[in-house]
Each structure stands twice: as structure tokens, then as C-alpha cells.
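The values are calculated or read from the model by the stated rules, or taken from the named source; none is laboratory data. Just so we're clear, the structure is a prediction, and the values are computed from it rather than from any experiment. Glycine gets a Cβ as well: all are built from the backbone with ideal geometry, and neighbour counts include every protein chain shown.
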Amino acid sequence: MAIDLKVNGNNSSVDVDPSTPLLYVLRNDLSLSGPRFGCGLGQCGACTVLMNGTPIRSCVTPASAAVGNEITTLEGLGTAAQPHPVQAAFIAEQAAQCGYCSNGMIMSATALLDRNPDPSDQEIREALDAYLCRCGTHTRIIKAVRRAAESNS
């Protein structure tokens, strides 16, 4: 069945079962590697994308749920030559060690800063609380989100 999606501002039609996880469509059909498969249960956050500006777990979201919505992946935020302020801040603060959680952290931080351009450290911690980072770079991640907030003001 053809499903029409708008991802990173581009319209795409993919021939998949409507119940296929959005993550699989993004990675396998649209060749977007930003969202990652982590747990497959919506618990770790590695697969996070923005749907109409709200972070969602794409591994547990059927592709059919994305129809008529704007999906933004890590690739849709910025480029290597011109990164989004959150991406640039993560690079500047060296906020990734293994990098597996970075997609979810960056996508959630972007949504947070869109809602609240000057969050407190506690608000940053709360926004990122549901994301697993096994490397323990939480301090640098919070610094990166703070840096991105300051660069936007």
C-alpha cells in the first residue's frame, strides 16, 4: 500500500504495510540514518523524530500515523556545513561519546528550545530524562543544550 509522507520538507510515497514502524520506513525506504534502532520498545529514545514539532518514538509509531503530519529527522535540522544550533552546540561541547543517544537527545532538545527558548537546567534534565545514555555524557549534554539556548537569544 502506498503511504504518502512529508519528511524534512519533502513529500515521499512509500509502498509499505501501514503498520510498519515509521523508523523502518525512514531508515530503509528513505535512507535516513539519523533515527536509530535502539530497543524497539520506545524506551531508549534513539529513534526519536519530531512529528509536527513534538518528539515521538518512531520505532513504535506506525507509518500510517505519520500521514498528513510533518516529520523531521536529524537530517532535517541542519547539514554538516550549516548545522542546527543544537547540533553545533553538541559538537562544541563534545556532548557525544559513543553517539548512540545523540539523535534522541538532539531532537528532544530542539523541541524543548522551540517551546521554551530559555529553559532552566532542571527543565533541560526533565526534557531529556527519558533518553538512555550509557556513556554518561549527561553533563556535557546539558551544557550543549544551554549553549544552544544562549546562541538563540
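Looking only at segment 131-153, filter to residues that are closer than 14 Å to Leu112 by Cβ and modelled with pLDDT under 90; which one of those is surrounded by the fewest Cβ atoms within 10 Å (Cβ to Cβ)? My answer is Asn152.
Here the condition is being aliphatic (A, V, I, L, M) and either surrounded by fewer than 22 Cβ atoms within 10 Å (Cβ to Cβ) or touching a Gly at 6+ places or on another chain (Cβ under 6 Å) (or both); of Leu26, Leu112, Leu22, it holds for Leu112 alone.
To keep it simple, each residue is scored yes or no on (1) of a type outside the set (Asp, Glu); (2) more than 21 Å from Gln43 (Cβ to Cβ); (3) without any contact (Cβ under 8 Å) to a residue 24 or more places away in the chain.
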position: Asp114; (1), (2), (3): no, yes, no
position: Arg125; (1), (2), (3): yes, no, yes
position: Leu128; (1), (2), (3): yes, no, yes
position: Tyr131; (1), (2), (3): yes, no, no
position: Gly136; (1), (2), (3): yes, no, no
position: Thr139; (1), (2), (3): yes, yes, yes
position: Val145; (1), (2), (3): yes, yes, no
position: Ala149; (1), (2), (3): yes, yes, no
position: Asn152; (1), (2), (3): yes, yes, no
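For segment 80-111, what are the residues that are β-branched (Val, Ile, Thr) and in contact with a Ser or Thr (Cβ under 9 Å, 6 or more places away or on another chain)?
Residues of segment 80-111 that are β-branched (Val, Ile, Thr), as a first pass: 86, 91, 106, 110.
The answer is Val86, Ile106, Thr110.
Scanning segment 33-48 for residues that are under 12 Å from the mean Cα position of the chain (by Cα) and either within 15 Å of Lys6 (Cα to Cα) or of a type in the set (Gly, Ala, Ser) (or both) returns Ser33, Gly34, Gly45, Ala46.
Can Gly104 be described as touching a residue at least 40 places away in the same chain (Cβ under 8 Å) and closer than 20 Å to Gly42 by Cβ? For Gly104, the condition - touching a residue at least 40 places away in the same chain (Cβ under 8 Å) and closer than 20 Å to Gly42 by Cβ - is met.
One line per residue, one yes/no per condition, for (1) surrounded by 16 or more Cβ atoms within 10 Å (Cβ to Cβ); (2) modelled with pLDDT under 95:
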{"site": "Thr48", "(1), (2)": "yes, no"}
{"site": "Pro55", "(1), (2)": "yes, no"}
{"site": "Ser58", "(1), (2)": "yes, no"}
{"site": "Leu77", "(1), (2)": "yes, no"}
{"site": "His84", "(1), (2)": "yes, no"}
{"site": "Ala92", "(1), (2)": "no, no"}
{"site": "Gln97", "(1), (2)": "no, yes"}
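The sole residue among Gly34, Gly42 that is in a loop (DSSP other than H, G, I, E, B), modelled with pLDDT under 95, closer than 26 Å to Asn11 by Cα and not assigned by TED's automatic domain parsing to the domain that holds Val145 is Gly42.
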